[in-house]
Amino acid sequence: MARARLLLVEDDAALAELLIWHFKREEFEVEHTADGEEALLLARETPPDLVLLDWMLESLSGIEVCRRLRRMPDTANVPIIMLTARGEEEDRVRGLETGADDYVTKPFSPRELVARVQAVLRRVRPALAGERLVYSDIEMDTVSHKVRRDGATVPLGPTEFRLLKHFLEHPGRVFSRERLLDSVWGRESDIEPRTVDVHIRRLRKAINGENLPDIIRTVRSAGYALDSEGAV
């Protein structure tokens, strides 16, 4: 299963610690904050695959965080599950109308929450549900580390493989060099952003061959995206 990035916004330290343990055990990457304003900054810097959002935050309420996430282009379509002790129908409706995709009332079972998160991700990102990533005529087996395009095997180096895997997990989304460095090389990497261009060229050469259309779109002043519609 591809690793999904989860942003947990919860100001109950004990509950947050418990949830982090459960989600990391299921191979999630978890970023946690207890502050609504910081959650917006983190989501803007690196859009997560899903947000777990507490309603009753001390600074900025969960409802307002949800509203702002839906207004931000990079997070407008990111699934949001709200966590709250407010179980009345009116509150649930308000949360859903604000843009939440699901609503979990406290107290709840962490195992059940993990299952609900996985169910939401299966709907919005099927690639997270298995070991085979597919987009257009590209297929990747993440276990055997094999890639095929148009039925032919594509030999890739380790970095190009990770780069393509990241694109396959987020088809159509534009990533800046800085975000690709963060996601593919890691936050502690001291590699220069221009190095990304070198690996993009290598990846293009490998997967496009001589006759296939270029499936990696360059967006001027923004970055790169895996996009079959822009292939030429």
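Brief remarks on what is shown
- Out of every Cα-Cα pair that the range 129-175 contains, those further apart than 11 angstrom amount to 66 percent.
- Computed [θ] at 222 nm, deg cm²/dmol, the chain (DSSP H ≥ 4; -39,500 (n - 2.57); rounded to nearest 500): -11500 deg cm²/dmol
- Under a model in which nothing but the beta-carbon of Lys, Arg (+1) and Asp, Glu (-1) is charged, the chain shows a dipole of about 980 debye around its Cα centre.
- Ranking by accessible area, most exposed first, for Leu60, Leu164 with a 1.4 Å probe: Leu60, Leu164
- Degrees separating the helix 13-25 axis from the principal Cα axis of the chain, which is the longest one: 30
- Viscosity 0.890 mPa s, temperature 25 °C, Stokes-Einstein D of the chain from Kirkwood C-alpha radius, µm²/s: 130
- Rounded accessible area per residue of the chain, 1.4 Å, Å²: 53
- Dipole orientation for the chain: of the candidates Phe28, Ser183, Ser61, Ser183 has the Cα lying most toward the positive pole (charges on Cβ; Lys, Arg +1; Asp, Glu -1).
- When each of the peptides 24-31, 167-174 is scored by the mean number of other C-beta atoms lying within 10 Å of its residues, the order from highest to lowest reads 167-174, 24-31.
- Using every pair of distinct Cα positions in the range 133-215, the Kirkwood expression returns a hydrodynamic radius of 13.2 angstrom.
- Principal-axis tilt of helix 89-98 within the chain, Cα atoms, nearest 10 degrees: 30
- Ranked by the mean number of other Cβ atoms within 10 Å of their residues, highest first, the peptides 61-74, 145-158 fall in the order 61-74, 145-158.
- Accessible surface of the chain, 1.4 Å probe, proportion on carbon and sulfur as whole %: 47
- For the chain, the longest principal axis of the C-alpha atoms and the axis of helix 194-208 are separated by about 60°.
The values are calculated or read from the model by the stated rules, or taken from the named source; none is laboratory data. Everything numeric here is computed off the predicted structure, so don't read it as measured data. For neighbour counting, all protein chains shown are included, and Cβ atoms are generated from backbone atoms with ideal geometry for every residue, glycine included. The area values use the complete protein model at the heavy-atom level, side chains included, leaving out ligands, DNA and RNA. Shrake-Rupley method; radii C 1.70, N 1.55, O 1.52, S 1.80 Å.
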